[in-house]
Amino acid sequence: MKLNLNRPLVFFDLETTGLQIGSAYIVEISLVKVNVDGSVEEKTHRIRPARYVNKDGVEVAETLPIPPETTAVHHITDADVADKPTFRELAPEILAFIGDADIAGYNSNKFDVPLLVEEFLRNGINFDVANRYMVDVQNIFHKMEQRTLKAAYKFYCGKNLDNAHSANADTMATYEIFLAQIERYKDVEYTDEKGKVSKPIVNDIPALSEFSKSRQWADLEGRIGIKNGVEVFNFGKHKDKPVKDVFAVEPSYYSWMMNGDFSLSTKKVITRIYQSLKAEKREAEKLDQLREKFNGGQGKLF
């Protein structure tokens, strides 16, 4: 089956040093680009995880170890990536390959997309996903069947996923599952938590992007939610409270988050909110000064 595409769709999968967006680094990335004409391109890179540090005025790549517990999952060792390029060195090639494509993956909205954005941000590149459709095949699967990737591959494609946790194998399996989902669920009704019945699985990337969303977040990591159009905290002592209200009475909470182990995408969101709050405060102070000036010297105008 050929996907109905208005622009390319890139499926991708990451193998990493860990699961925390703010501290994890990519050790392998595999991308499968499905073009509008149905042709498919593939790229897979092993990556040496590294943080750049300043030494005598020069930025130097400091290699980071891969924890044994994550090596046990994806079988990528420090030796496997010792001579590989860093993400910074590969970033231009990866960015050019993705281009203006929409993006898809398995559990990608929650993990792979935020971490990819994080890696770009660490290296001074703003990989903007705001104008891209994002399809999370896992969310479609969980809403319709609720099983794992290996079970999904067997269920939808009738095959065994023998090389699980290899980025390329997982990425190709995700692509095949996605095609099978569109075929299998064509005209199948879905009832959401509000009782609304629809037939959401169609060969249309914008529609599938909307259906595969798990929840509404302001940031990619899910630390900041949106309720009734207002950004709220999704964690901690201020959970469900509006971010702006908390920062207004407790600005130190903003400083704590900026110095904490939060992803750069989360810090971008709270900085925008904090700067907006400061701008509103400055405008209020200007208005107060005008009121004082006119009320004191030229009659009560306010």
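Values in this text are rule-based calculations from the coordinates and carry no lab data. Keep in mind the model is a prediction, meaning the values are calculated, not measured. A quick note on method: Cβ atoms are made from the backbone with ideal geometry, for glycine too, and the neighbour counts reach across all protein chains shown.
Residues Phe235, Phe111, arranged from fewest to most other Cβ atoms within 10 angstrom of their Cβ, appear as Phe235, Phe111. Distance from the Cα centroid of segment 165-182 to that of segment 260-282 is 37 Å (rounded to whole angstrom).
Over 32 Å between C-alpha atoms is what I'm after, so list which of Lys154/Lys239; Lys196/Lys227; Lys237/Lys268; Lys199/Lys239; Lys110/Lys154 land there. Pairs exceeding the cut-off: Lys154/Lys239; Lys199/Lys239. Structural size metrics of the chain, computed from C-alpha coordinates, are Rg and Dmax of 23.1, 84 Å. Sparse packing (at most 14 other Cβ atoms within 10 Å of the Cβ) combined with a DSSP loop state is found for the following trypsin sites (Lys or Arg not before Pro) in segment 197-276: Lys213, Arg215, Lys237.
Checking every one of the trypsin sites (Lys or Arg not before Pro) in segment 131-191 against DSSP loop status and a limit of 13 other Cβ atoms within 10 Å picks out Lys159, Lys186.
Taking a sphere under 14 Å around the Cβ of Arg147 and counting the other residues whose Cβ falls inside, with K and R at +1 and D and E at -1, yields a net charge of +3. Angle check, please: helix 167-184 long axis (alpha carbons) against the longest principal axis of the chain (alpha carbons), in degrees 0 to 90, nearest 10. Its long axis makes an angle of about 90 degrees. Taking amide hydrogens as placed 1.01 Å from N in the peptide plane, the amide H of Tyr52 sits under 5 Å from those of Glu62, each at least 5 positions away in sequence or on another chain. Among Asp187, Asp37, Asp56, the largest mean-square fluctuation in a Gaussian network model of the chain (Cα springs under 10 Å) belongs to Asp56.
Based on C-alpha pairs under 8 angstrom that are at least 6 apart in sequence, the chain has a relative contact order of 16 percent.
So how do Trp256, Trp217 line up by other beta-carbon neighbours within 10 Å, fewest first?
Least to most surrounded, the residues fall as Trp256, Trp217.
Near Glu28, the amide H atoms lying under 5 Å from its own belong to Glu15, Ile47; only residues 5 or more places off or on other chains count, and H is placed 1.01 Å from N. Around Val135, with a cut-off of 15 angstrom between Cβ atoms, what is the net charge of the other residues, counting Lys and Arg +1 and Asp and Glu -1? Charge balance in the 15 Å sphere: -1. Taking amide H as placed 1.01 Å from N in the peptide plane, Gly22 has its amide H under 5 Å from the amide H of Ser263, each at least 5 places away in sequence or on another chain.
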